[in-house]
Amino acid sequence: MSVSTLSIDLDALAANWRALDAKSEAAVETAAVVKADGYGLGSGKVASGLAKAGARRFFVAAAEEAIAVRQALGEGPEICVFSGHCDGDTDLIRDLNLVPMLNSADQLLRHREALPEAAYGVQLDSGMNRLGMEPAEWSELRENAEAGDLRLVMSHLACADEPDHAMNGQQLSCFKDMTTGVTAPRALAATGGILLGPDYHFDLVRPGVGLYGGLPFEGARPVVTVALPVIQVRTVQTGESVGYGNAWVAERPSRVATVAAGYADGLHRVMGPKTQVFADGVACSVIGRVSMDLITVDVTDLPQDPAALEILNAAQTVDDLADNAGTIGYEILTSLGRRYARRYLGG
Ligand SMILES: *Cc1c(COP(=O)(O)O)cnc(C)c1O
């Protein structure tokens, strides 16, 4: 085995969905965001696991992403598309029975003309200025939009991971203003918004990253473990260097293990110096440069040479790796890459 293993704990995933679901009233539906291939973990498997836990509505970013999700879920669960009804999406929306979140007058027109009977949602811009109809556009279209099979009216928070940010309250009141009297279900909160409390929950919440074990959901159970097989272990004498650029030089006779993963697997080169790997819970330092396919580790202090080393687990989470790399847990998860052998545990 010379590729690394990415293990996904479907029981932890389900527990995270239930824990987030429990943060809102029973009448509030908890959906699940499985865009970007289920945050890199495999959208089909992840969606099936979450459906077993109780999720009935799923969100993807683009209609193409719904193919794997619909195949895994079968008919029944609703699959919503954040990017709405884009040019060329009509066949997928019809064939997979998708619910596009329409973002503009153009999209509303395209959808109603192409698929007059089909369901849809509307995405409103409450201040983030990324996707969605602005207040003036919405007030012109609202009557027309409400006349069809309108399933959801939603918006998205820009600063929900900072609970004290004034933007949260501003977006909340903007969203309320825009949706007073709307009879369709309303949704504003992703993971961060759920944690802001009941004012933000409305009729449906849409967690993503918290399901996969990431901040801002501090109570999340870790979902992902990455184990790196050791390909070779060598002795390095004092004064000898390891890896590109001679970046590490032995200060004592050392044992150096070379493991089979690198920046091509989303283990960013910049995270190297701050990152540890674990042999049965014992921490060892990454040394030298992270290269494309290989990482070198100082295993001198282990009682015996390890067969594999973990770089992502409960002791060093996606958010720890993100800190080491100067990014966020979302980017670590979605960068993990295609080369891993993906294993699904539990479920
Ligand atoms: C990605 C996304 C979510 C999920 O966000 P998390 O922070 O991962 O919970 C919800 N809604 C929209 C519109 C999104 O783009």
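The values are calculated or read from the model by the stated rules, or taken from the named source; none is laboratory data. Note that this is a predicted model, so its numbers are computed, not measured. Here Cβ is always computed from backbone atoms with ideal geometry, including for glycine, and neighbour counts include all displayed protein chains. Protein only, heavy atoms only, side chains kept; ligands, DNA and RNA dropped before computing areas. Shrake-Rupley method; radii C 1.70, N 1.55, O 1.52, S 1.80 Å.
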Filtered residue count, the range 67-81, keeping only those that are under 17 Å from the mean Cα position of the chain (by Cα) and open to solvent by 30 Å² or more (accessible area, probe 1.4 Å): 1
Some residue of the range 189-198 being within 12 Å of the ligand (Cβ to nearest atom), over 23 Å from residue 23 (Cβ atoms) and in contact (Cβ under 8 Å) with a residue 12 or more places away in the chain: no
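Can you find even one residue in the range 133-151 that is part of a loop (DSSP other than H, G, I, E, B) and within 15 Å of the ligand (Cβ to nearest atom)?
Just the residues of the range 133-151 that are part of a loop (DSSP other than H, G, I, E, B), to begin with: 134, 147-149.
Within this subset, residues satisfying the condition of being within 15 Å of the ligand (Cβ to nearest atom) are none.
No, the range 133-151 contains no residue that is part of a loop (DSSP other than H, G, I, E, B) and within 15 Å of the ligand (Cβ to nearest atom).
Table: residues versus (1) without any contact (Cβ under 8 Å) to a residue 40 or more places away in the chain; (2) open to solvent by 60 Å² or more (accessible area, probe 1.4 Å).
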site: 126; (1), (2): no, no
site: 130; (1), (2): yes, yes
site: 133; (1), (2): yes, no
site: 139; (1), (2): yes, yes
site: 143; (1), (2): yes, yes
site: 152; (1), (2): no, no
site: 158; (1), (2): yes, no
site: 163; (1), (2): yes, yes
site: 170; (1), (2): no, yes
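Okay, residues lined up against (1) within 13 Å of the ligand (Cβ to nearest atom); (2) without any contact (Cβ under 8 Å) to a residue 12 or more places away in the chain; (3) over 28 Å from residue 224 (Cβ atoms); (4) assigned by TED's automatic domain parsing to the domain that holds residue 144:
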position: 14; (1), (2), (3), (4): no, no, no, yes
position: 19; (1), (2), (3), (4): no, no, no, yes
position: 22; (1), (2), (3), (4): no, yes, no, yes
position: 78; (1), (2), (3), (4): no, no, no, yes
position: 92; (1), (2), (3), (4): no, no, yes, yes
position: 112; (1), (2), (3), (4): no, no, yes, yes
Qualifying residue in the range 224-244 (condition: touching a residue at least 40 places away in the same chain (Cβ under 8 Å), in contact with a strand residue (DSSP E or B) (Cβ under 8 Å, 6 or more places away or on another chain) and under 30 Å from residue 121 (Cα atoms)): no
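Keeping to the range 22-35, report how many residues are outside any strand (DSSP E or B) and open to solvent by less than 50 Å² (accessible area, probe 1.4 Å).
The qualifying residues number 4.
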Test set (1) assigned to a loop (DSSP other than H, G, I, E, B); (2) of a type outside the set (S, T, N, Q); (3) within 21 Å of residue 209 (Cα to Cα) - residue 80 fails condition number: (1)
